[in-house]
1. Inspect region 79-92 for any residue being buried (at least 16 other Cβ atoms within 10 Å of the Cβ), in contact with a Pro (Cβ under 8 Å, 6 or more places away or on another chain) and within 16 Å of I23 (Cβ to Cβ) and give the result as yes or no.
2. Tell me, yes or no, whether region 92-111 has at least one residue that is in a loop (DSSP other than H, G, I, E, B) and under 23 Å from T148 (Cβ atoms).
3. Within region 93-104, which residues are farther than 16 Å from S134 by Cβ and in contact with a strand residue (DSSP E or B) (Cβ under 7 Å, 6 or more places away or on another chain)?
4. Could you count how many residues in region 62-100 are under 19 Å from S139 (Cα atoms) and within 16 Å of the chain's Cα centre (by Cα)?
5. Within region 25-34, does at least one residue satisfy the condition of being in contact with a Phe, Trp or Tyr (Cβ under 9 Å, 6 or more places away or on another chain), assigned to a strand (DSSP E or B) and under 18 Å from C100 (Cβ atoms)?
6. Can you pull out the residues in region 53-91 that are of a type in the set (G, A, S), modelled with pLDDT of 95 or more and either closer than 22 Å to S115 by Cβ or not in a loop (DSSP other than H, G, I, E, B) (or both)?
7. Name every residue in region 93-126 that is surrounded by fewer than 24 Cβ atoms within 10 Å (Cβ to Cβ) and aromatic (F, W, Y), in order of residue number.
8. Scan region 59-82 residue by residue and report those that are among the small types (G, A, S) and within 20 Å of A120 (Cα to Cα).
Amino acid sequence: MTEQRTRLIAVDGDITQLDVDVIVNAANNRLVGGGGVDGAIHRAAGPKLFAACRKLGGCPTGEARVTPGLGLPARYYVVHVVGPVWNGGRRRGVALLARCYCQALELAVACEARSIAFSAIGTGVYGYPLGPASEIALSAVGGLLGETDTKIEQVVFPVLEQVFTKSIVRRWLSWVTRRPPVRRLRRFDLTALGGARTLLAHSTCRETDNG
């Protein structure tokens, strides 16, 4: 069996400038643009993205819709997801946020994308704390990739705040060292900024040795 590696990358940068196949927008229910990353993506893409979103008729919380990438560096598509408002960590909110990541990744897989970049869904005006949000993101994305045959080679978590990058790194290390060997020999590898590289490489090797 040929082993496929999916690289998870934490990048301190602007999602609208990333050269990937798919970017994931943290949208509102009306899909009309707003503040934060949603507004930034709409401004970068221009009015054609707004027009494409209007045709979709909105999107329920926890679900995803897709439009062409239009004026963005994203080669193919923008996936729009609507995250939940922070509700104190109740089970429904956790499930809805995880569903956002899973649905976005499933759409990217259906589009035969090889790379996808996520925004930090729910952590803006919807108030989801960075730590719980990053743990949900990694559990959802890592779990789905571990169970699904895909062409996805890179999953990027671009952030504008270094604190979320550090949170992703910490949560990933905790998650990967608890995870049992992946049956399909699919290995995960997180690249981050700065001094985290050595620790991350060590953690990846520990899982590889167990498999």
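The values are calculated or read from the model by the stated rules, or taken from the named source; none is laboratory data. This is a predicted model, so every value here is computed, not measured. Cβ atoms come from the backbone with ideal geometry, glycine included; neighbour counts cover every protein chain shown.
1. If we filter region 79-92 for residues that are buried (at least 16 other Cβ atoms within 10 Å of the Cβ), which is where we start, we get 79-84, 86.
After this cut, where a residue has to be in contact with a Pro (Cβ under 8 Å, 6 or more places away or on another chain) as well, the list is 82, 86.
Restricting the remaining residues to those that are within 16 Å of I23 (Cβ to Cβ) gives 82.
Yes, because at least one residue in region 79-92 is buried (at least 16 other Cβ atoms within 10 Å of the Cβ), in contact with a Pro (Cβ under 8 Å, 6 or more places away or on another chain) and within 16 Å of I23 (Cβ to Cβ).
2. To start, the set of residues in region 92-111 that are in a loop (DSSP other than H, G, I, E, B) comprises 111.
Those still in the list that are under 23 Å from T148 (Cβ atoms) too: 111.
Yes, the conditions are met somewhere in region 92-111.
3. Q103
4. Residues that pass the stated criteria total 14.
5. Within region 25-34, one or more residues are in contact with a Phe, Trp or Tyr (Cβ under 9 Å, 6 or more places away or on another chain), assigned to a strand (DSSP E or B) and under 18 Å from C100 (Cβ atoms).
6. Listed by number, the residues that qualify are A64, G83.
7. Of everything in region 93-126, just one residue is surrounded by fewer than 24 Cβ atoms within 10 Å (Cβ to Cβ) and aromatic (F, W, Y), namely Y126.
8. The first filter runs over region 59-82 and keeps only residues among the small types (G, A, S), leaving 62, 64, 69, 71, 74.
If the condition is that a residue be among the small types (G, A, S) and within 20 Å of A120 (Cα to Cα), then G62, A64, G69, A74 are the ones that fit.
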